[in-house]
1. Quick one: B:LEU103, B:LEU146, A:LEU75, A:LEU57, fewest Cβ neighbours within 10 Å first, how do they rank?
2. Do the alpha carbons of any pairs in B:LYS45/B:LYS96; B:LYS114/B:LYS203; A:LYS30/B:LYS202 sit beyond 18 Å of each other, and which pairs?
3. Using only alpha carbons, build the gyration tensor for the range A:20-95 and give me the equivalent ellipsoid semi-axes, biggest first, whole Å.
4. Would you kindly calculate the translational diffusion coefficient of the range B:143-200, applying Stokes-Einstein with the Kirkwood radius from alpha carbon pairs, for 4 °C and a viscosity of 1.567 mPa s, and quote it in µm² s⁻¹ without decimals?
Amino acid sequence: MGAIGCAAFKPRPEGVSWQVNYSVQPIYPKSFEIVAGGPLSLTKEELTDAWKKKAALVANGRRFKATPLVVHNTLSMQGMGYPLQTRTVTGTITLTEKIDRTEDGNLPCEQASTGSRIDL
Amino acid sequence: MPFLNKLGYLIFVSVSFSLVGCTQQPFTSVDRNTYKTVAFKPEIKAPEHYVYHDTTGKVSRGMSVYGGLIGAALGAAIGAASEAPGFHRFDAAASKNPIDIRLLMRRHTEAALKISPMRLVSTDADTTFELQIHSYGVGPVNGRDLGAVIAARGTLLGCDGQLLWSKDEWATSNTATSLENLEQNPKLWPQMANEAAEALAKKLVLYSEPSKRSAAEPLM
């Protein structure tokens with residue numbers, strides 16, 4: 001339930017289209033792979049902007065480094081039996097400041113914050 | 001031969017869909033109080049041929065240069081009967097810069113295990129990490145552009161052979177390009193395979209949340 005809770009209640013950045021979906025995958029020890037995806041009608045710039053806002057949210061005020069962003073247009077067959085064309089922007093951030101861990105060593109759920117520092 | 005191609009493809013699709021849907025625990029969920037060290041099993045099971053899939057939806061299987069004479073003869077025969085229009089062109093480009101998929105996956109998986117919570121050792125390990133490559137090749141990962149795709153299973157066994165953990169994952173390369181560009185720059189094939197191997201090792205070993213099994217769509 002903890003993992004589900006993390007996935008289900010992650011906050012959305014402000015000012016991002018409702019068409020943008022996010023996936024955030026913690027990577028041991030202190031990185032997060034962030035995917036911002038949506039229909040092809042969303043431009044690369046819109047999705048990149050949405051990705052940056054989510055990255056700032058995930059970092060929760062901590063300094064981080066980001067990999068170059070990868071933009072892919074994909075054809076997925078998982079949408080209700082008919083093909084879905086989507087555009088995704090993917091990148092990984094690595095926190096460069098000390099982060100607190102839970103007792104089992106996993107990263108805590110991200111928290112919403114403002115004023116994050118971004119080193120993109 | 002076309003029948004064999006279709007049969008092989010159907011088996012691949014069946015196996016892929018049988019893997020879909022189950023929740024998988026991350027490698028980091030293994031009890032680190034009980035199991036502290038891991039050794040990588042050098043023998044890696046892998047198909048002797050790669051999969052080629054383009055946007056026409058036709059699938060072919062080419063041979064690996066490491067497949068031996070029998071594999072080479074079989075691969076050439078299957079390739080000759082290939083239905084995918086771009087297969088021969090890709091095969092010609094890929095053969096200029098052949099890859100060793102086992103070596104690539106071993107290198108990146110060991111690198112990921114060194115970062116993981118468990119300590120990678122060569123002898124007297126508490127556990128053994130086994131890798132089985134289900135399939136690898138190229139498929140459309142960015143519109144019509146082709147990228148490398150690898151699907152594999154990671155398994156952790158205890159000293160007594162007990163299954164401690166297992167996970168199926170697939171990954172693609174960040175780089176994707178047209179077949180025409182791949183022909184002009186054949187070095188892109190090993191580069192893409194390397195990127196996919198690195199991404200897959202990261203997914204198998206370092207992703208730290210439960211995930212769902214999914215089929216490698218670019219190869220289907």
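1. On the way: B:LEU103 12, B:LEU146 29, A:LEU75 15, A:LEU57 24.
Sorted ascending by nearby Cβ count, the order is B:LEU103, A:LEU75, A:LEU57, B:LEU146.
2. Details: B:LYS45/B:LYS96 24 Å; B:LYS114/B:LYS203 14 Å; A:LYS30/B:LYS202 13 Å.
With Cα atoms farther than 18 Å apart: B:LYS45/B:LYS96.
3. Working: eigenvalues 119, 34, 18 Å².
For the range A:20-95, the ellipsoid semi-axes come out as 24, 13, 9 Å.
4. Values: Rh = 12.9 Å.
The calculation lands on 100 µm²/s.
Values quoted throughout were computed directly from the atomic coordinates according to the rules given, and no laboratory measurement underlies them. The structure displayed is predicted, hence computed values, not measured ones. Here Cβ is always computed from backbone atoms with ideal geometry, including for glycine, and neighbour counts include all displayed protein chains.
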